[in-house]
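Visitor: Questions regarding the structure given below will be posed in turn.
What follows is calculated from the coordinates using simple rules that are stated; it is not laboratory data. Quick caveat, the model's predicted, so the values are computed rather than measured. Here the Cβ positions follow ideal geometry from the backbone for every residue, glycine too, while neighbour counts run over all protein chains shown.
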Amino acid sequence: MLAGKVITIGVTGGIAAYKAAWLVSNLAGLEAEVHVMMTRSAKAFVSPLTFQVLSGHPVRTGLFTAGEDAPIPHVEMAARSDLLVIVPATANIIGKVAGGIADDLLSTTIMAATCPVLFCPAMNVNMYRNPVVQRNLAMLRELGYHLAEPEVGRLACGTEGRGRLPEPEIILEQIKDILSRAGDLSGMTVLVTAGPTREPLDPVRYITNRSSGKMGYAVARAASRRGARVILVSGAVGLEPPPGIKLIPVETARQMFDVVMEQFPTVDMVVKSAAVADYRPKEMAVQKIKKNENNLILELEKNPDILFELGRRKGRQLLVGFAAETGDVEENALSKVRHKNLDLLVANDVTLPGAGFGADTNIATLVYPDGTVIPLPKMDKLSLAHRILDEVLTLRRARNIL
Ligand code: PMT
């Protein structure tokens, strides 16, 4: 599977640089075309000659170094690579990329790359815990970079804690996962809904919910990274849309209904992660509602159920719903997946820490109409997004939808 793949390994200055040598050697042994770039401080830990011998290619170290084979090495390697792996990734390179700094060969290559990039952080436990580093890692996740989570263990500085580079075998498995997904959705159109709806009461107030849009944006990003054409129908959120997708902003459930129905005939699959308001105020006051001494009674009327309608209309499309539950997760999810005629439902118990609204992670259970239930461990929302897309692709193949 790795044969012929062009993998660029970026080595930065940390003691775990020696583990990158094992990775380079094994990737080359699996017939990948491996190129190595080293930062200036990486050379203090391992000699470029080591990587040159293991990869069979000259090691690139400088942006402007005369005599190296490519006139603009960062552009050439960014364009040629199927995958970039930064191993080990120091707090410095993580901070530079999160901050948009490109001032050496490796950081400019990452900036110019359109292929997936995997960062493998390794550092002292206190550096890893530092809120600045954590903020930068969250930024990388949000931007769609892949991360190999560091392990807990004894660190080179003599302390114990999280910050150890995962064993190279684990990184190798992650590399295989990423490459097996690259381009597997090309030719497909994926419609994703994300975020909350807002149902206006008067010109200044509305009824809404706690959805941040993170889950839906992660699905849109993952699908786009895998080569799909992505239409993202989004309620009001404070997130940057992933590059290269078609964003259609909406506010109310009825607007979302209209846009989704219009796009539906052109798409191959729908992932409905938006939290749609089930009810809206029956009347929207033209003027701001004034305070008086009495209680205010609002009359609400039902919004259309977008997903139910999609389930009624669907032909060859695959439909994935989400369910935000606060108890009896499996039972409720099973009834929803059947009632709405879905192919898959992703249920999340939004009362659990690290799950549901606003969190960077989620804890989901996959529920199929035939009663199959697959509980998943806690994972970041991008990983869950990829897992959902894997499941949909398996369903497509099983049904012979090409
Ligand atoms: O946005 P985040 O902060 O990252 O949070 C993620 C999330 C919690 C919003 C997400 O993981 C999630 O659970 N989304 C679905 C929330 C929801 O509306 O669940 P529900 O059980 O009420 O609805 C079931 C399904 O029907 C959903 O796919 C929903 O989009 C859809 N629906 C609901 C009502 C309606 N009128 N029309 C719909 O299409």
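Visitor: Can you give the local net charge around Gln255? Use residues other than it whose beta-carbon is closer than 12 angstrom to its beta-carbon, Lys and Arg +1, Asp and Glu -1. Don't skip to the answer; put the middle values down first.
Guide: Working: positive: Arg198, Arg254, Arg280; negative: Glu199, Glu251, Asp258, Glu262.
Once positives and negatives cancel, what remains is -1.
Visitor: Among 147-155, 221-229, how do they line up from the highest to the lowest mean number of other beta-carbon atoms within 10 Å? Each step should come with its number before you reach the end.
Guide: On the way: 147-155: 16.9, 221-229: 23.2.
My ranking of the peptides, most packed first, is 221-229, 147-155.
Visitor: For Asp360 and Asp305, calculate 0.36 nm times their separation in residues minus their Cα-Cα distance, and state this gained length in nm to one decimal. List each step's numbers first, then the result.
Guide: Numbers: separation 55, 0.36 × 55 = 19.80 nm, distance 2.71 nm.
Once the chain is fully extended between Asp360 and Asp305, it gains 17.1 nm.
Visitor: Note down the relative contact order for segment 354-402 as a percent, whole number, built from C-alpha pairs under 8 angstrom at least six residues apart.
Guide: Worked out over segment 354-402, it gives 26 percent.
Visitor: I would also like to ask the following. Starting from the Cα of Arg80, step 7 Å along the direction of its Cβ; do the same at Ile248; then give the gap between the two resulting points in nm.
Guide: Going by the 7 Å Cα→Cβ label model, 4.2 nm.
Visitor: Mind checking the full-extension length gain between Asn400 and Glu240? Use 0.36 nm per residue of separation minus the Cα-Cα distance, one decimal, nm.
Guide: Between Asn400 and Glu240, full extension yields an extra 54.1 nm.
Visitor: Please name whichever of Leu49, Pro121, Leu172 sits farthest to the positive end of the charge dipole of segment 6-181, dipole taken about the Cα centre and charges placed at Cβ: Lys and Arg +1, Asp and Glu -1.
Guide: After comparing all options, I get Pro121.
Visitor: Right, next: When a/c reaches 1.5 or more, the comparison of a/b and b/c decides; with that in mind, is segment 281-402 rounded, prolate or oblate per its Cα gyration tensor?
Guide: prolate
Visitor: Would you mind classifying the chain by shape? Square roots of the alpha carbon gyration tensor eigenvalues, ordered a ≥ b ≥ c; an a/c under 1.5 is rounded, otherwise it is prolate if a/b is larger than b/c and oblate if not.
Guide: Note, shape of the chain comes out prolate.
Visitor: Okay, moving on. Could you tell me how far the Cα centroid of segment 213-285 sits from the Cα centroid of segment 325-371, in Å?
Guide: First find each Cα centre; the distance between them is then 19 Å.
Visitor: Which log10 I(q)/I(0) values does segment 240-293 give at q = 0.25 Å⁻¹ under the Debye formula, counting every alpha carbon as one identical point scatterer?
Guide: Scattering profile of segment 240-293, log10 relative to I(0): -1.21.
Visitor: When the helix-only estimate is applied to the chain (DSSP H runs of n ≥ 4, each -39,500 (n - 2.57), divided by the residue count), what is the mean residue ellipticity at 222 nm, nearest 500 deg cm²/dmol?
Guide: Helices in the chain give a 222 nm mean residue ellipticity of -10000 deg cm²/dmol.
Visitor: For segment 189-398, what is the Kirkwood estimate of the hydrodynamic radius, computed as the reciprocal of the mean inverse distance between distinct Cα atoms, to one decimal in Å?
Guide: Final number for the Kirkwood radius of segment 189-398 is 17.6 Å.
Visitor: To the nearest 20 Debye, how big is the dipole of the chain about its Cα centre, given +1 on the beta carbon of each Lys and Arg and -1 on that of each Asp and Glu? Show your work: numbers first, answer last.
Guide: Values: 45 positive and 42 negative charges, 90 e Å.
So the magnitude is around 440 debye.
Visitor: Separate question: Hey, what angle do you get for helix 214-225 against the long axis of the chain, alpha-carbon based, 0 to 90 degrees rounded to 10?
Guide: Compared with the principal axis, the helix lies near 50 degrees.
Visitor: Let me have the relative contact order for segment 286-357, percent, based on Cα pairs under 8 Å that are six or more residues apart.
Guide: Once normalised by length, the contact order is 29 percent.
Visitor: Another question, if that's okay. Could you check the simple spin-label distance between Gln263 and Thr159, using points 7 Å along Cα→Cβ, in nm with one decimal?
Guide: 4.5 nm
Visitor: Separate question: Can you work out D for segment 128-190 in µm² s⁻¹ from Stokes-Einstein, where Rh is the Kirkwood radius over C-alpha pairs, the temperature is 25 °C and the viscosity is 0.890 mPa s?
Guide: 174 µm²/s
Visitor: Right, something else. At a threshold of 8 angstrom on Cα-Cα distance, excluding pairs fewer than six apart, so keeping six or more, what relative contact order does the chain reach in percent?
Guide: Answer for the chain is 10 percent.
Visitor: Show the residues, 5+ positions off or on another chain, whose built amide H is closer than 5 Å to the amide H of Ala275.
Guide: Sorted by chain and number, the residues that satisfy this are Gly195, Thr197.
Visitor: When you count, for each residue, the other Cβ atoms within 10 Å and take the mean per peptide, how do 126-132, 22-28 rank with the highest first?
Guide: 22-28, 126-132
Visitor: To continue, here is another question. Would you mind checking which residues have amide H under 5 Å from Leu344's amide H? H placed 1.01 Å from N; only 5 or more apart, or other chain.
Guide: Amide H to amide H, under 5 Å and 5 or more residues apart or across chains, Leu344 pairs with Leu319, Gly321.
Visitor: Follow-up question, since we're still on this one. Multiplying the sequence separation of Ile15 and Met284 by 0.36 nm and subtracting their Cα-Cα distance, what value in nm do you get?
Guide: 90.6 nm
Visitor: Moving on. If I fit a long axis through the Cα atoms of helix 17-29 and take the longest principal axis of the Cα atoms of the chain, what angle between them do I get, 0 to 90°, rounded to 10?
Guide: 90 degrees
Visitor: With a/c under 1.5 counting as rounded, go ahead and sort segment 6-181 into rounded, prolate or oblate using the C-alpha gyration tensor (a ≥ b ≥ c being the square roots of the eigenvalues; past the cut-off, prolate if a/b is larger than b/c, else oblate). Kindly include the intermediate steps, with their values, before the conclusion.
Guide: Working: a/c = 1.43, a/b = 1.31, b/c = 1.09.
Rounded.
Visitor: Next question. Taking a virtual spin label 7 Å from the Cα of Asn295 along the C-beta vector, which residues in segment 195-233 bring their backbone nitrogen under 15 Å of it?
Guide: No residue passes the distance filter.
Visitor: Kindly express, to the nearest 10 degrees and within the range 0 to 90, the angle between helix 381-398's C-alpha long axis and the longest C-alpha principal axis of the chain.
Guide: Between the helix axis and the principal axis of the chain, the angle is about 80 degrees.
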